[in-house]
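The values are calculated or read from the model by the stated rules, or taken from the named source; none is laboratory data. Since the model is a prediction, treat every value here as computed from it, not as a measurement. Here the Cβ is made from the backbone with ideal geometry for all residues, glycine too, and neighbour counts use every protein chain on show. Please note that ligands, DNA and RNA were not included when accessible areas were found on the heavy atoms of the full protein model with its side chains. Shrake-Rupley method; radii C 1.70, N 1.55, O 1.52, S 1.80 Å.
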Amino acid sequence: MVDWQSTATFNTLQARASLLQVIRQFFAERGVMEVETPSLSLGTVTDVHLASFPVPGLTDSGEPGYLQTSPEYAMKRLLASGSGPIYQICKAFRREETSRQHNPEFTMLEWYRPGFSLPELMDEVGSLLQQVLDCSEIPRFTYQQLFQQHLQIDPHSIETQQLREVLLGKINMDISGLDDTDCLQLLMNHCIEPALPSACFVYDYPVAQAALARIEHDGQGVAVAQRFELYCGGMELANGYHELSDAEEQRRRFAKDQARRKELGLPSIAADQRLLAALEDGLPDCSGVALGVDRLLMVKLGLNSIEEVLSFPGDRA
């Protein structure tokens with residue numbers, strides 16, 4: 001029996017320790033405070049593309065809790081309380097298949113910058129990567145640019161039937177039950193991501209993919225989600241938003257998620273009332289981003305599997 005041993009070498013574990021030290025120094029120099037929030041909470045995300053681990057009997061009254069998919073909700077409660085700029089390095093948990101890039105438990109770096117626009121936050125993410133990876137300036141592309149370049153379609157205006165035809169022309173699969181967002185994400189994953197440069201930002205997503213981001217109009221008058229994703233080493237490395245602060249709009253999005261969960265036969269997830277209360281009290285205008293630390297270390301060391309940067313992945317935990 002050898003599965004008691006670490007899947008990461010001690011050199012890799014030392015590189016992880018050094019990376020965490022660099023990250024903390026990066027934020028200390030910028031006056032961003034490190035915080036901790038619960039990994040286990042009564043609320044969780046309603047997003048149909050994310051699955052939380054439920055934990056029964058969290059409270060004395062028997063209410064269930066959830067291991068958090070990210071510290072976003074709790075950190076926004078701190079921001080609404082007047083914390084100022086904050087960051088957190090924590091464990092996050094997602095119920096998804098283990099793969100080269102995925103482990104059910106992983107390390108996340110998440111930070112929020114009151115007063116920052118989305119381009120300013122991309123600048124800061126780029127500065128962190130340049131320090132960690134010693135890379136050059138990272139190019140930026142709109143979501144629309146990439147779909148027009150690689151697939152000759154406009155993701156913001158394409159009709160559902162045409163989108164499904166394009167998808168079937170690229171991927172042989174059963175697409176029954178998929179909505180437009182599912183189709184676009186499949187095309188992104190299979191047709192666009194493999195052709196991206198070694199590192200790049202993608203921004204101005206379709207409004208249906210806004211999640212917890214604001215919706216604004218771009219220079220062409222098209223409504224877009226104010227969010228970006230950073231791709232690096234062939235993987236999604238970070239996901240950033242110009243954060244939604246409108247409680248009523250957030251309540252509507254939670255309800256829309258619930259309806260979609262019901263359609264798909266997924267468990268019902270109650271809207272996080274504490275987050276909504278924080279938004280009602282007033283979330284400062286801010287931008288925030290979550291970055292996968294394990295994946296960043298994979299890129300830095302040129303490793304191909306997340307298991308190589310973890311002491312004990314899911315099947316050895």
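Observations, loosely collected:
- Computed over protein heavy atoms with a 1.4 Å probe, the accessible surface of the range 129-199 works out to 55 Å² per residue.
- Based on protein heavy atoms only, the range 219-293 ends up with 44 Å² per residue of surface accessible to a 1.4 Å probe.
- Ordering of 100-109, 187-196, 4-13 by burial proxy (mean other Cβ atoms within 10 Å per residue, highest first): 100-109, 187-196, 4-13
- Largest to smallest in accessible area, the residues 231, 203 fall in the order 203, 231 (1.4 Å probe, all protein chains included).
- The residue 164 and residue 256 beta-carbon pair, evaluated with R₀ = 35 Å, returns a calculated FRET efficiency of approximately 0.95.
- Our Cα-only numbers for the range 1-122 put the radius of gyration and Dmax at 17.0, 54 Å.
- Annotation for the range 254-317 versus the range 188-204: alpha-carbon center distance of 20 Å.
- Cα gyration tensor shape of the chain, rounded if a/c is under 1.5, else prolate or oblate by comparing a/b with b/c: rounded
- Contour minus Cα-Cα distance for residue 273 and residue 117 (0.36 nm per residue): 53.5 nm
- Taking all Cα pairs closer than 8 Å and separated by 6 or more residues, the relative contact order of the range 1-129 comes to 20 percent.
- Within the range 299-317: backbone nitrogen closer than 14 Å to the residue 17 label point (7 Å, Cα to C-beta): 311
- P(r) histogram, all alpha-carbon pairs of the range 163-242 included - 10 Å bins from 0, percent: 17, 41, 37, 4
- Annotation for residue 246 and residue 181: the two label points, set 7 Å from Cα along the Cα-Cβ direction, are 1.7 nm apart.
- For the range 5-83, the solvent-accessible area with a 1.4 angstrom probe is 52 square angstrom per residue.
- The chain: relative contact order as a whole-number percent, Cα under 8 Å and 6+ apart: 25 percent
- Surface composition of the chain: carbon plus sulfur atoms contribute 49% of the solvent-accessible area (1.4 Å probe, protein chains only, all chains present).
- FRET efficiency for the residue 153 to residue 10 pair, using the beta carbon distance and R₀ = 35 Å, is estimated at 0.10.
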